[in-house]
1. Go through LYS129/LYS340; LYS319/LYS416; LYS192/LYS351; LYS351/LYS414; LYS212/LYS396; LYS340/LYS414 and tell me which ones have a Cα-Cα distance over 28 Å in this structure.
2. Using 0.36 nm per residue of separation minus the Cα-Cα distance, give me the extension gain between THR102 and ASP123 in nm, one decimal.
3. What is the packing order of peptides 281-291, 326-336, taking the mean over residues of other C-beta atoms within 10 Å and listing the highest first?
4. Which three lengths, in whole Å and largest first, does region 177-460 cover when its Cα atoms are put on their principal axes?
5. Multiply the residue separation of ALA407 and ASP445 by 0.36 nm, subtract the distance between their alpha-carbon atoms, and state the gained length in nm to one decimal.
6. Can you work out the Karplus-derived ³J(HN,Hα) for every residue in region 228-243? Use 6.51 cos²θ - 1.76 cosθ + 1.60 with θ = phi - 60°, whole Hz, and x for glycine or proline.
7. Scan around LEU167 for amide H atoms under 5 Å from its own, H built in the peptide plane at 1.01 Å from N, and keep only partners 5 or more places away or cross-chain.
8. Amide H of LEU132: which non-local residues (sequence gap of 5 or more, or other chain) have their own amide H closer than 5 Å, using H built in the peptide plane?
Amino acid sequence: MGGSGIGLLDGIGGGSRWVSEKPSTIAPLPLTSCRAFVIFEFSIPVLCSRIMPRRLLLMLLAMPSLATASPQAPAPAQPPLSPLTITVSDEVGAVIPKALITIRAETNAEQTTKPPLLELRSDSQGQAKAGLPSGFYDVFVALAGFAPSARKVRITDGQSAAVSFALELDEAWAKEHEDEFSTETTGPFQGKTFRTSDGAQIHYVEAGEGAKPTILFIPGWTMPASIWRSQLEGLRGKYHVIAVDPRSQGESDTPSDGNYPERRSRDIEELLDHLQLRDVTMVGWSMGVPEVLVYANQFGTTRLRSVVLVDGFVALDPKDAQVQAAFAGMLKQAQLDRPKWTEAFVRNMYKKPQSEDYVRTMIRASLRTPTNSAVTLMQNMATMGDLSPTLAKLDKPVLFVYEPQLAATAQIVKTKLPSARVENFEDAGHALFVDDADRFNKLVDEFVSAAVRPQSASSAATHITR
């Protein structure tokens with residue numbers, strides 16, 4: 001072949017053939033023919049030596065090849081990442097740590113499931129954070145004991161995004177693990193109810209033989225009867241044990257009325273009357289301490305064998321600016337973010353480690369008390385005044401159990417009632433009967449056993465007034 005025209009190759013490799021050497025006859029190539037130029041580049045020395053002068057051939061060989069003539073495309077820039085915050089809680093707003101969070105690029109019907117893009121765990125605040133390029137994503141959350149949940153989220157360049165999950169309890173799992181997870185006391189304990197004179201249904205848990213001495217446990221602010229589980233289990237063999245959900249707490253009704261000490265104390269009296277109980281050791285914890293004292297002021301000690309006061313105030317001065325400011329701060333925070341505040345409150349009740357399932361159970365139980373009722377209950381406690389004179393009028397054995405922060409209250413008890421027994425649980429938190437259940441149960445058993453049983457209802461009747 002002669003001349004200086006440029007030809008095209010048809011085919012690949014050894015099957016290539018020359019199909020034209022006249023530029024005027026070259027038609028536009030379809031995209032599928034672009035493969036021919038690759039072969040043309042590697043065939044230049046052979047092909048061009050047959051159709052063009054040597055000088056022109058040398059010039060062409062000195063130039064960059066067709067494959068490298070154009071500048072290299074720069075590496076694609078990394079897409080900008082925008083922050084995504086994922087918050088995990090349960091259905092009542094208690095945060096859930098350690099939940100498994102999986103983030104995948106969004107899929108459609110034609111695609112198979114993509115492999116996980118990210119796998120995270122929620123932190124102690126129930127949160128996890130990630131940086132993602134713009135696009136649509138599927139976010140999945142799972143944790144044992146809860147039904148898994150999924151949501152879609154859109155990420156936009158330069159904008160932060162947030163998604164929240166409220167996991168629902170897996171009922172099948174909860175039934176299987178109800179002994180350690182349920183908010184209700186089950187198994188050998190019987191949950192019962194009665195209706196008060198003003199129509200509120202009060203829930204209580206009962207175990208042990210009714211003929212044995214009765215111990216009645218009253219929980220603190222917003223806490224359920226089930227917080228006394230270790231006492232019900234440990235003492236039911238020797239005593240008739242009862243734990244009550246006070247009005248607006250636990251499984252009891254939550255009326256907007258009656259959330260003051262005198263009405264709640266009347267609920268207790270009506271419960272004892274409903275069960276026809278006497279020879280009762282009344283155990284009040286935290287807010288239950290002033291409520292036991294109010295009960296004594298209203299109804300006397302006729303039904304009582306002894307009194308156990310657990311880590312609660314017996315005197316609060318409504319005119320003490322520092323005390324009232326502290327309560328005002330708590331009330332404000334409880335109203336601004338009840339779930340967050342409640343979680344901190346519950347976790348701070350314990351000094352010793354408790355299982356996460358147990359802590360979440362107590363948080364959920366506390367949040368069952370409506371916020372307006374919870375605020376009312378706390379405000380009534382903050383303004384209760386000085387109830388310590390009632391101590392001197394108690395004619396039954398009194399035991400005051402406390403952790404170090406309430407040492408001043410223990411001194412007040414001892415001063416007002418020298419016969420009172422005081423016990424300091426140095427290594428326990430506010431819920432000391434949970435932190436050190438064995439010691440507490442042994443102490444209560446010894447105290448109740450040593451208490452003199454009243455000879456008759458009439459001989460024990462004493463009505464205490466302020």
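1. LYS192/LYS351; LYS340/LYS414
2. 6.1 nm
3. Highest to lowest by the protection proxy: 281-291, 326-336.
4. Each principal axis gives a Cα extent; for region 177-460 these are 53, 46, 41 Å.
5. 11.4 nm
6. For region 228-243, the Karplus-derived couplings read 8, 3, 4, 6, 4, 5, x, 10, 5, x, 10, 10, 8, 10, 9, 10 Hz, x marking Gly and Pro.
7. SER89, ASP90, GLU91
8. SER82, LEU84
Just so you know, all these numbers are worked out from the coordinates, no wet-lab data involved. Owing to the predicted nature of the structure, the values given are computational and were not obtained by experimental measurement. Virtual Cβ from ideal backbone geometry, glycine too; neighbours counted across all protein chains shown.
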